[in-house]
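Each remark here refers to the structure printed beneath this line.
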Amino acid sequence: MMKNDKETLCKKEYVPPVLMAVFIEMECGIAANSATLNPGDINTPPTPGIGDWNDGGNTGNGDYDF
């Protein structure tokens, strides 16, 4: 036997999303030019030194059991 019960559906009130913005004013652009980066050495500061990553390795005598 099935009952036909009436359900009361309550709708929730719509809450729109809120966007906030914070504006930060820099004093004389102190963060823009406060650091200098030189990735290279003393002779060539703007050019980083690149070493050879291939060291030849040691693979033994090549006799492998798979």
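Worth pointing out:
- Index of the failed condition, Tyr64 passing every other in (1) at pLDDT 75 or above; (2) loosely packed, with under 10 Cβ neighbours inside 10 Å; (3) hydroxyl-bearing (Ser, Thr, Tyr): (1)
Condition check ((1) among the charged types (D, E, K, R); (2) part of a loop (DSSP other than H, G, I, E, B); (3) modelled with pLDDT of 75 or more) across all residues:
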site: Thr8; (1), (2), (3): no, yes, no
site: Lys12; (1), (2), (3): yes, yes, yes
site: Val15; (1), (2), (3): no, yes, yes
site: Val18; (1), (2), (3): no, yes, yes
site: Cys28; (1), (2), (3): no, yes, no
site: Ala35; (1), (2), (3): no, yes, no
site: Asn43; (1), (2), (3): no, yes, yes
site: Ile50; (1), (2), (3): no, yes, no
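- Taking each residue of segment 8-25 that is among the aromatic types (Phe, Trp, Tyr) and looking for partners that are at pLDDT 95 or above and not in a loop (DSSP other than H, G, I, E, B) with beta-carbon atoms closer than 6 Å, six or more apart or interchain, yields nothing.
The values are calculated or read from the model by the stated rules, or taken from the named source; none is laboratory data. What you see is a predicted model; the values in this text were computed from it and never measured. All Cβ positions, even for glycine, are placed from backbone atoms using ideal geometry, and neighbour counts span all protein chains on display.
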